[in-house]
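These notes are about the structure you will find just below.
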Amino acid sequence: MIANRKMFSCLCCLLALCLGAPLAVAQTTNASIVGIVTDSSGAAVPNATVTVTNTGTGVNRVVTTNEAGAYTLSPLIPGGYEARVTNSGFKTRVQ
């Protein structure tokens, strides 16, 4: 009887692992960069160009800030990035 309980417990654990495996595979490896561009007074800078370059691959993505100065770049592969912000009348900022 004890052996049957142990076997039943092992089968339940195995079933739980098998059912949970697809959930682990569904995880993503994407990253995002989110920010707000402001001037020296803290005011939002709309329509600024944000260029983000993956320093490992050299691939870049370009977005424009919205009326609140906000931007989102997604999906990105994880890695190191350089962000360059440009806008007419402002100095270019690289980070």
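Here, each number is a calculation from the coordinates, and none is a lab measurement. Everything numeric in this text was worked out from a predicted model, so none of it was measured.
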Cα Rg, Dmax, the range 46-95, angstrom units: 11.1, 33
So, in Å, what gap is there between the alpha-carbon centers of the range 31-69 and the range 73-90? 5 Å
